[in-house]
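Encoded as structure tokens, the structure appears first; notes follow it.
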Amino acid sequence: DQQVKQNSPSLSVQEGRISILNCDYTNSMFDYFLWYKKYPAEGPTFLISISSIKDKNEDGRFTVFLNKSAKHLSLHIVPSQPGDSAVYFCAASVINDMRFGAGTRLTVKP
Amino acid sequence: DVKVTQSSRYLVKRTGEKVFLECVQDMDHENMFWYRQDPGLGLRLIYFSYDVKMKEKGDIPEGYSVSREKKERFSLILESASTNQTSMYLCAIGGRAGAKNIQYFGAGTRLSVL
């Protein structure tokens, strides 16, 4: 069973606008959440993370929001740039068990 | 910088061959992981190791085995490759450290089994 779901396989946005990627999870025991970015033919690169004791974490253009009551995670990219075009995976973990979503392909158009 | 090196970027093998995928890290980390990535399925854990000679099955271990004789090296073995093992294979290191739990990935090996 998929404990982490990314329901949008793809997202297209205009350069300079906001990109919002969403992720839902089912296991309330997850206590650490991450976003990874993946370019074709490369491994995933860690982007940003958040602990379950927080509801927001910001790093430059990237902000992750956590809504524990809704079991929902989102990644905001502002402003979006063409170099942000990639597949984004969300992940949720407890102890050493890490579960990944299926990924969302983001395309940022110039 | 964390460095996780996978020995091959691309491999083409024939059905029934024994295949070795190698992963080397330079971070002296206890935990190492093997995943496969398939479209629409995300990353699925095959095996992980938390110390030399120690291993644990992940979600999809069937058809695979692993070896960890030295701390820096974690090998994934396909005993008899099949076409349904055509996939992107990703090695990772890391795991729980206090409140954080971050894994760092190698560049991946794209395996095609014909």
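Worth pointing out:
- Which listed residue is surrounded by 18 or more Cβ atoms within 10 Å (Cβ to Cβ) and among the charged types (D, E, K, R), from A:D84, A:D55, A:D59, A:D31: A:D84
- Filtered residues of the stretch A:1-42 (kept if among the hydrophobic types (A, V, I, L, M, F, W, C) and out of contact with any Leu (no Cβ under 8 Å at 6 or more places or on another chain)): A:V4, A:I18, A:M29, A:F30, A:A41
- Flag if A:T45 is without any contact (Cβ under 8 Å) to a residue 12 or more places away in the chain and in contact with a Phe, Trp or Tyr (Cβ under 8 Å, 6 or more places away or on another chain): yes
- Flag for A:P40 being modelled with pLDDT under 95, over 16 Å from the mean Cα position of the chain (by Cα), exposed (fewer than 14 other Cβ atoms within 10 Å of the Cβ) and not hydrophobic (A, V, I, L, M, F, W, C): yes
- Of all residues in the stretch A:7-16, those being part of a loop (DSSP other than H, G, I, E, B), farther than 17 Å from B:G40 by Cα and touching a Lys or Arg at 6+ places or on another chain (Cβ under 7 Å) number 1.
- Residues that are buried (at least 16 other Cβ atoms within 10 Å of the Cβ) and not polar (S, T, N, Q), drawn from the stretch A:69-81: A:K71, A:L73, A:L75, A:H76, A:I77
- Single condition B:G98 does not satisfy, out of (1) touching a residue at least 40 places away in the same chain (Cβ under 8 Å); (2) under 26 Å from A:Y36 (Cα atoms): (1)
- Qualifying residue in the stretch B:62-79 (condition: over 15 Å from the mean Cα position of the chain (by Cα), closer than 14 Å to B:R36 by Cβ and crowded, with 16+ Cβ neighbours inside 10 Å): no
The values are calculated or read from the model by the stated rules, or taken from the named source; none is laboratory data. Quick caveat, the model's predicted, so the values are computed rather than measured. In this analysis, Cβ positions are derived from the backbone assuming ideal geometry, glycine residues included, and neighbour counts consider all displayed protein chains.
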